[in-house]
Each structure stands twice: as C-alpha cells, then as structure tokens.
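In what follows, a structure is listed as structure tokens, so that the remarks can point back to it.
The values are calculated or read from the model by the stated rules, or taken from the named source; none is laboratory data. Predicted model, so just to flag it, every value in this text is computed and none were measured. Please note: Cβ atoms are built from the backbone with ideal geometry, for glycine as well, and neighbour counts cover all protein chains shown.
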Amino acid sequence: MTAETGIGARVKRKEDQRFLTGTGRYVDDLPLARATYAYFLRSPHAHAKIKSIDVSAAKSMPGVVEIFTGKDIADAKVGGLICGWVVKDKHGEPHKSPPHPVMALDTVRYVGDTVAMVVANSHDEAKDAAEAIHVDYDVKPANVDLARAFDKGVPEVHAAEAPGNLIYDWEIGVKADVEAAFAKAAHVTKMDIVNNRLIPNAMEPRAAAAEYDKGTGNYTLWSTSQNPHVLRLILSAFVLGIPEHKLRVIAPDVGGGFGSKIFCYNEETMVCWASSRVGRPIKWTAERAESFMTDAHGRDHVTHAELALDKDHKFLALKVETIANMGAYLSTFSTAVPTYLYATLLAGQYTTPLIYANVKAALTHTAPVDAYRGAGRPEATFVIETIVSKAAAELKVDTAELRRKNFIPTEAFPYQTPVALQYDSGNYPPIIDEAIKIADYKGFEGRRAEAKSRGKLRGIGFSSYIEACGLGPSRVIGQLGGGVGQWESAQIKFNPTGNVQVLTGAHSHGQSHETTFAQLVSDKLGIPIETVEVVHGDTATTPFGMGSYGSRSLAVGGSAIMKAADKIIAKGKKIAAHLMEASVADVVFENGNFKVAGTDKNVPLGAAVFAAYVPHNYPLEELEPGMDENAFYDPSNFVYPAGTQICEVEIDPDTGVVEVVNHTAVDDFGNIINPMVVEGQVHGGIVQGVGQALLENAVYDKETGQLLSGSYMDYTMPRADDVPSFKLGNKITPCPHNPLGVKGCGEAGAIAAPAAVMNAVHDALAPLGVTHVPMPATPLSVWQTIQGAQRKAAE
Amino acid sequence: MYDFAYHRPKSVADAVALLKGKEEARPMSGGMTLIPTLKQRLARPSDIVDLGAIKELAGIKVEGNNVVIGGMTKHGDVATSADVKANIPALASLAGHIGDPAVRNRGTMGGSVANNDPAADYPAAVVALNATITTNTGKHTADDFFKGLFETALSEGELITSISFPKVEKAAYIKFPNPASRYAMVGVFVAKTAGGVRVAVTGAGPCVFRVKAMEDALAKNFTSAAIKDIKVPADDLNSDIHGSAEYRAHLVGVMARRAVDAANK
Ligand SMILES: Cc1cc2nc3c(=O)[nH]c(=O)nc-3n(C[C@H](O)[C@H](O)[C@H](O)COP(=O)(O)OP(=O)(O)OC[C@H]3O[C@@H](n4cnc5c(N)ncnc54)[C@H](O)[C@@H]3O)c2cc1C
C-alpha cells in the first residue's frame, strides 16, 4: 500500500500545491479585525548618543494610534533580549553580556538599530508619522572593521560591559602540545583567510502580528519563527514576563529562514508587548531594506590557520586563530556559533591528532551576527578544506590523495576527535571515490587544456566535509552552556474515523515536513499518506518542541514520531488482542493489520482505532480509551553527515569572471526518506555555498558604517543561471543511534561548497602564480588578484 | 509612497498641458524606475501623468534610412521587432538584455533615455548610433542630449516622443553586467554607419561617453587589433564595491574589443 509513498519514495511535496498557487498563509496574510500597523524608526547612524526624541508632531499626524520609544519600554520594565548560550572563556569566566534593549534607550549602535515604534491605522500613516519624529543624535565614531576590533583606540560598542570590544577569548585543545608537534613538522602550510559576511535573504521578510484578548488576558503572537515554542519561552521567561500559558505563538507558513528566524527579535517583542497597550491587533512586516539591515547576518570571521605535516604527508597538528564578529549586540545563539559549532568541527574527516583553536568574539557597530545555514560548520570546513588543498599544492601531491591518506579509517568508528566530538559512524573513502567518478576527475587535465585553447583558465577543487548536526544530546548541550534542551516532541493523534494528525515540535519553513513526516507515519503504520496530516507551528496545538535548525528535524523530530508510532502500535496490539481473543504476545503488526501469527485472524489498525474511540467491546479495565500518543526523543549523540564536493570553474582572465561549469556532490546522509526532497536541500545548499564563494558579500562603509550592500542592487544573490546542473550521488552509512538511521541534509550543501569553489579558483589561477584569492571571488577581486600576481612576476 | 494625483491622458498635447499646469508633475512611462523611487520616498511629485494610454507614442516604423521608435515602446518590443532585428540587430539584442522579462514588458525606451541612469544600456546605443531624439518641442542630437549624471537636455514638461536610429553597416553592444543589479557596469556600443564609426561607453562613468581614439583607429581599420593598445583613463570613472575605476577602465578596453569582434561576425 505504501511502496509509492513510503520511506525511500520520491513523493511530490504536498505543500507545493498551496505555495505554488498562492494559497499559502503567511503572517502578513492574516486578516485581523481592527488591525493597526507598526513601523519602526531606525537609526541612520552606526554609533550615536540619542540626546532627545521629540514625538509630539508625529503623534498628531493622521491615523496615528500610539508611539513608543526606548524610554517607554524601560519605564514598563520590559527585559532586554537575551543570549541563550553561555560560553566560558579560557579562564572559565562567562562571556561578557552587554545589555540588548528591545529599543535603544540612549545610544544607537548600528545602522538599523530600533529607535521608535509608530502604531497607526495603516502602514503608510505609520511611516509618514515616523518621518515627523525628531531625533537629536550626537554622532560618535564607529567601527565596522572586524580585523581592527581589538586595536587600541578603536571605538567601543559597549565600553562599560565589554571593554575593548571583547566578548570572550576562548580556546579548545592544548596549545603546548600543538606547538611541540609543529616543531617536529616536515612541512607547515599557513593561511590567512576571511570568511565573508552574509545576509540571509529569506524570500519572506520577517513579520509579526499580535492580538491581546482583554477578556482572558491572553496574547496571541504570529511570527515568522523557526521555533515558536522557544520564542514563547524566551518572551515569557526573560523579556515580557507574560506567563507561558497566557501567550500563544503561531508560526504559520514561513517563507524560508536559513537560521535567521531562529532568534528572538526586537520587532516581534514590541508588537506583542504593545498589543495590550494599544488594545487593537498590531501587524508588522519588514520591508526588504529592513531585512538587509536587521536580520541577523551570518559568518564573518578573520582567521589565521597553520597545518603541520610529517614527511609522509600525514597531518600532525592544526592551529587556528579566529576573530568572530558578533555585531553590536549578542543575538540569541551568537556566542555558540564560532565556538561549539565551529572549533569542534576542525578535525574534519581527518585523523589530525592535535588541534588547537583560539576564538575571540568581537563587537562591532554592525547588525548582530548569528547562526546562518550551517552555522560555524561552513566556516570550519572552509578552514580545513582550503588549507588541505593549499598543502597539497605546496607539496605538489594530488589533492584527493592527500585527503585519502589522512581520512579517519572506516574501522576506527566510533571515532573520538581531539576537539570533543565523537563521530558515531562514517565511511569516507567510497564517498570521494564516487565523487571522483561522477566528476570524471581523470579527464580533468584534458578539459583544462581544451579550456586554455579558448583562452579560459580551468580549475578543479575538492571539499570533503563533515558536520555535526541533529542538535543534539541535551546533556551535552547543557555542559557546553546551551540554555535549552535539544530533544524533540511528537504526538500522533488518531481520529475516530481513522485519519491521523501528526503534531511535531519541529517547524517547516521550506524543509517539506508535511510530506516527509507523513511518509514516515504512512510507512510505519501502513495507512494511506492522504490520511496523514502533519501539524506544526502553533504552541496551542503542538507539544512543546525545539523547532527546526541545525539539520535536526528528521534525525530528532522524525525519531520522536517513530517513538510515538511505536506506542500506537503497542496500544493497538492490546486492543486487537482483545478483539481477536488472543494473547497480546501472539499479535503481530504488519502492513496496517494486527494479526495472530499462524491464523487468519486480522484486525485492521482502523478497526482498533474505532474500538478505542467507541469502546463498546474494549478492555476498559486495563486500557484507557482513545488513540493518541506522545513521545519525546533526546538523541544520544549528534549525527555526522559527510561528503565530498568537487567543483570545476572556468575563469576569464581578461575580466576576472568565474563560471562554475561542473559541480558534483556525493553525500552520506544515512537512510533517505524522500530522495527528491534531499536533492532539493542539497541543490539549495550548494547554491548558497556558491553564493558565498563567488557572489554574496555584506559590506559596511568603513568611514560611515553604512551598509553598502543594502539592497539587491548591490548584494549579489545567486540566480539560477549562476550555477550549472549539479551532479549528485549518495553513499549510505546509517546512523547507528537513531531509530531511522538518518543524518541531516539541510546544511551540507552550504557547508561544503565554498571551499570546493575557492579551491577550484585557486587551482585555475595557480599557473599565474596566484596562491590566494579573497572570498567572495568576484570579478573585481579575481581581476585585482591577477593584476597583483602579474606585477609581482614582472618585478 | 506619498500621495499624488494620477492622470492618464490620451494625447501628447493633453499630457503636456497636464504637466505644465501642476506644481510638481512627473511623466510616467513604464514606471520601472519611477515607481521604485516613489516607494522609497525619494521623490514627492504632486501629480503623475501616465503616458501609457497615448497611442501615438508607441510603435516602431522604418522611415527611409532610419528606424523610428516611439517613446512608449517597451524594451521587449524593441528586442523582438523584425524591423529592428533586420536593420539594427545590435539594438534588438541590447534591448533583450535589459533587466528581466517583467522589466522588459513594462520599461520603455523613452523612460530609459529620459532618465539617463549612468548604468542604463540605451544611452550607449543612442550615442553610438548618433540617433535623433524627438520631443514635443523639437529635436536633440545624441551628442547634445546626455548632459551628466541623470541629466539630459530635456526641459521642464518636455516629452520624448520618438527616437530615430540610422540603419547600420556593422554594430554590436557588449555589456559587462554589474553582478548584483545586472545593469551595465561597463557597456560598449560600437557602430559603423553611413556617418562613420562611433564607440560609446555606458556604466563606466557618470554619463555615457565616446572614445574618440578608438573611433579614429576603427575608422581606419575596423578590427579589434586596431584598438588593442588604446587605454581609457580611469580618472573620471565610477568606483564602487563591484568595480574600481581602474577595473572599469580596463573593462572598457575588453568590452570594446569584444564588441568589434562581434560586429565583424
Ligand atoms: C529590476 C530592474 C532591472 C533593470 N535592469 C536594467 C538594465 O539592465 N539596463 C537598463 O538600462 N535599465 C534597467 N532597468 C531600468 C529599466 O530599463 C527602466 O524601465 C528604465 O530605466 C525606465 O523606463 P520606464 O519606462 O520604466 O520609465 P519610468 O520609470 O516611467 O520613468 C523614468 C523617468 O523618466 C521620466 N520619463 C518617462 N517617460 C518619459 C518621456 N517619454 N519623456 C520624458 N521623460 C520621461 C519619468 O518622469 C522618470 O523621471 C531595470 C529596472 C528594474 C526595475
């Protein structure tokens, strides 16, 4: 019954019907009677003291309902926004924790910082009134340059709470041991790199709407959130003080997040808070320019790395020093990204026995930086995979061979790395072999020669990534300073007529849960997929859950669903045993039917469900009626997807334009539920990775602190014609510790691709004497690099 | 956007009358530039005079040695016009690479030329082909029309009604798109007509400009080799996060040579 829709089938996405016909329901679509509209006045300066704010003229503008400033919030004793992950520095001290007011009180710290909230009868009236607010700023010097953040005399973002702009100075590994290994090395490869800052650009901008019910005292907040329960928890426990049971958070259809919608933001907080003061619902949707300015940005590292190798080219040790940008305030999970999600990944796929990493987190007068698709793992992969390729180039050995020589051997799993993680499973050599086959690595030199005859420089680049995802064992997260559990919840709720609602604490904002999770349940319970409805995103209907990020939904949320399904089957067996007058021990469940082995007795699941709701012939003495089971699943380890990507580029030396002409990705995601959905995730991820490598760059003006790449006129989003058709492959080693044997696939593409692309660029330009091209390798940056190499050659 | 009064006249005369009588009236053709400007509150016109219903402004005709294109003619119509393709294929190809399909189905030649965005494509064609711009009050030569950054010879209330392009012997436009916006970062239009050889550059400077040294060299020898050593000074060129002035100056040379090669194909 379920072969075409069960585990492993390419079931078309159920949600596409409404998304592609314009019938999705997003926050902005909500019809709310008597709604008002919020508009936020934002700082035009990167750093300034607010001397005064005069709202008097604005208040009397047509349609204005109310105007709030930072002072109103402070007077109402609203808490600040929180950073939910305590990272302890190398002396064991918790990170510096500067205040993050919901609206600026007396200082603005980046262009886009919130200064006032206007609530009016329409969006345009709110905007008109915002223009009439007079703010007297005393403009101060600002610093947006990460590399200079700790220099003497550089403007401080929070001088009192974080002197010298330092949030923490953190380390992992034993420095002396690593230094000793370097002293014995036959070869050392060194590298200075910048991991460019990115702006997430979800298709749907952030939005919030809130309604306060005076009669019950209940608040409802609709938000573009990836994790509505966590948002409610933060707002309740730390910021607004509305008791959790009096606040309902709904994240309806959400048009992409990529991490940027995990966090608790000012605007949704304000909209919720103000809804009771205004006494009417409030709606807010970010304009695209606001999204550019104020969505938490991603990446933004400056790194020096060194790799030590012995005479046989085995890796001896890796040393990494990174400065990570936090922006002007600490966003919800910002502190964890460049530490526990970054440095713990620095072993990659290799047996490097000694690793030391030092990470300093810096404040700058820029938008907050937090998790963005891959969160720390793309940055780690970029360090490892570019330095390994650089070492291969320096040693003049084959780049694939050097990788293979240092891979963790298949028989060594579970494998304890020197940087805390224990990889549960993996089998790397077949992955790279398959990638080499698909990419026709052997034929590359022929293609390079052919390209040369057309005046093009062709290069090839590898990236063999590992990631830890499926966040995560709560105990480990707690030990590392994380403020929340990381289990997931599920509820399988049958209706008397036999169809079923699957409620999940995960949230789908592009990941296809409504399809994939339905496949799981349909396959496991042997019921038609059309009878399964996946429900998510509403704290009032779904069990408390942690939401979707870190490629965790299937590995953790899917596992919870499996556990709940097991409970359904166990209960069904008891009912069926009663109906068949058999012993429970003799009842088996097969293809949706309870049977007594060796007889033709048979009770379909639907019949057991009906009996549970209409218990006229039912063992009521021993068994509760109803068929509704809950499960919580806390994983015993992270999952460790791994893979190899091979990218081929052609560069036009006259213009510096880099074209990706071939891109291969072979992944081990464990068992695969819906190959089409997985391929979609990989495609999107690779495009984001190619975007980071060649196109995207968030640039602030060093003098003024203005965001120069603040619109699509200047921020280069990847387009379909920027990438070729991808060639994908799979090698499966099932995850040994979750019931589905699955790993995560949501971030892999973005994690691996930047290094593959940049290694290909370096390979293409190597004949010109180029050893480093800054990322992104835009036409300008490639052309300038070529010019520099030519000048050097001429000297 | 701010409030404004909206008008949709049926004739050029009515449009001109509406523009004259108002405090700060603006004509609108495709709105592809004007509407984003309004939405960003960068302009506050009292009146918008939509030229979309004026039949006499749209359409393409061949008149003797010229192709005459109405001000309201959409980029998409220029790109697919058999007359343009037969007589000035480079112009059809240029129009086919402006923006995306939605922009090409709304944006117009008159709007683009009147706007004179330094990164717009059409100005390079108008100058390289030595086109004549006709307005409700008279005619402008291409060389006198583009005055500077977003500045033209149009006076208050003056409307572009059509632009007349001579047929070409050889011509090509090669554009190096800005990676983000895909407007021209450097676009070079090279044309050989009965009137001689012209090379016009858009995107690189504050306003479209000609490269006389290249024109002279190509007049003698219309090959890319003839201009390979001609450099454009970087001094007055644009510089931004996508291209320094030096890079743009370099690209002018590369795009010009590629345009000559394409024209010779
Ligand atoms: C996403 C996007 C991408 C684009 N990419 C490109 C590109 O690659 N290359 C390129 O060249 N352009 C590009 N454009 C601009 C596009 O070509 C516009 O259509 C054009 O610049 C303006 O034409 P319009 O008809 O829309 O003019 P409008 O927006 O209606 O008007 C523009 C200005 O001209 C004035 N005006 C309009 N018509 C007349 C007239 N007949 N006489 C006098 N004044 C008039 C208006 O008052 C206004 O000031 C792009 C635009 C968008 C939105």
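Key figures
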| quantity | calculated |
| --- | --- |
| In the range A:776-795, residue nearest to A:GLY691 (Cα to Cα) [restricted to those that are touching a residue at least 24 places away in the same chain (Cβ under 8 Å) and more than 14 Å from chain B (Cβ to nearest Cβ)] | A:ALA789 |
| Residue satisfying condition, being closer than 26 Å to A:ASP28 by Cβ, touching a helix residue (DSSP H, G or I) at 6+ places or on another chain (Cβ under 6 Å) and at pLDDT 95 or above, within set A:ALA149, A:ALA126, A:ALA120, A:ALA130 | A:ALA120 |
| Inter-residue pairs, beta-carbon under 7 Å, first free of Cβ contacts under 8 Å to residues at least 60 places away in the same chain and away from chain A (no Cβ under 13 Å) and in the range B:93-106, second assigned to a loop (DSSP other than H, G, I, E, B) and within 6 Å of the ligand (Cβ to nearest atom), 6+ apart | B:ILE98/B:GLY107; B:ILE98/B:ASP121; B:ARG104/B:ILE98 |
| Residue within the range A:664-673 that is touching a residue at least 40 places away in the same chain (Cβ under 8 Å), within 14 Å of chain B (Cβ to nearest Cβ) and in a loop (DSSP other than H, G, I, E, B) present | no |
| Test: B:ARG26 is in contact with a Leu (Cβ under 8 Å, 6 or more places away or on another chain) and outside the structural domain of B:VAL199 (by TED's automatic domain parsing) | yes |
| Near pairs, Cβ below 6 angstrom, 6+ apart or cross-chain, from the range B:152-163 (on the phi > 0 side of the Ramachandran plot) to any residue that is charged (D, E, K, R) and more than 10 Å from the ligand (Cβ to nearest atom) | B:GLY157/B:LYS20 |
| Residues (within 13 Å of chain A (Cβ to nearest Cβ), closer than 30 Å to B:VAL168 by Cα and in a helix (DSSP H, G or I)) located in the range B:223-246 | B:SER224 |
| Strands (runs of 3 or more DSSP E) wholly inside the range A:571-614 containing at least 3 residues that are modelled with pLDDT under 95, in contact with an Asp or Glu (Cβ under 7 Å, 6 or more places away or on another chain) and closer than 15 Å to A:GLY626 by Cα | none |
| Looking only at the range B:169-189, and only at residues there that are touching a Lys or Arg at 6+ places or on another chain (Cβ under 9 Å) and away from chain A (no Cβ under 14 Å), the one that is farthest from the ligand (Cβ to nearest atom) | B:GLU169 |
| Which numbered condition B:VAL208 fails, given (1) more than 12 Å from the ligand (Cβ to nearest atom); (2) outside the structural domain of B:GLY71 (by TED's automatic domain parsing); (3) touching a strand residue (DSSP E or B) at 6+ places or on another chain (Cβ under 8 Å); (4) closer than 30 Å to B:GLU24 by Cβ | (1) |
| Filtered residue count, the range A:767-787, keeping only those that are surrounded by fewer than 14 Cβ atoms within 10 Å (Cβ to Cβ) and in a helix (DSSP H, G or I) | 1 |
| Residue list for the range B:102-129, restricted to those being under 9 Å from B:HIS75 (Cα atoms) and either small (Gly, Ala, Ser) or touching a Gly at 6+ places or on another chain (Cβ under 7 Å) (or both) | B:ARG104, B:ASN105, B:ARG106, B:GLY107, B:THR108, B:MET109 |
| Per-region count, the range B:73-105, residues over 15 Å from the mean Cα position of the chain (by Cα), more than 19 Å from B:LYS61 (Cβ to Cβ) and of a type in the set (Lys, Arg) | 0 |
| Residues satisfying the stated conditions in the range B:151-162, i.e. of a type in the set (D, E, K, R) and within 9 Å of the ligand (Cβ to nearest atom) | B:GLU158 |
| Qualifying residue in the range B:191-199 (condition: more than 10 Å from B:ALA124 (Cα to Cα), over 15 Å from the mean Cα position of the chain (by Cα), hydroxyl-bearing (Ser, Thr, Tyr) and assigned to a strand (DSSP E or B)) | yes |
| Yes/no for A:ALA57 being under 24 Å from A:GLY710 (Cβ atoms), outside the structural domain of A:THR366 (by TED's automatic domain parsing) and touching a helix residue (DSSP H, G or I) at 6+ places or on another chain (Cβ under 9 Å) | no |
| Qualifying helices (runs of 4 or more DSSP H) (wholly inside the range A:387-493; at least 3 residues being under 30 Å from the mean Cα position of the chain (by Cα)) | A:399-406, A:428-438, A:474-479 |
| Residues of the range A:122-160 classified as within 14 Å of chain B (Cβ to nearest Cβ) and among the polar types (S, T, N, Q), total | 1 |
| A:VAL154, sole failed condition from (1) assigned to a loop (DSSP other than H, G, I, E, B); (2) in contact (Cβ under 8 Å) with a residue 60 or more places away in the chain; (3) surrounded by 15 or more Cβ atoms within 10 Å (Cβ to Cβ) | (2) |
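So that you can scan it fast, the table gives a plain yes or no per residue for (1) of a type outside the set (Phe, Trp, Tyr); (2) closer than 30 Å to A:ASN637 by Cβ:
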position: A:ILE282; (1), (2): yes, no
position: A:THR285; (1), (2): yes, no
position: A:PHE292; (1), (2): no, no
position: A:ASP300; (1), (2): yes, yes
position: A:ILE323; (1), (2): yes, no
position: A:GLY327; (1), (2): yes, no
position: A:LEU346; (1), (2): yes, yes
position: A:LEU363; (1), (2): yes, no
position: A:VAL369; (1), (2): yes, yes
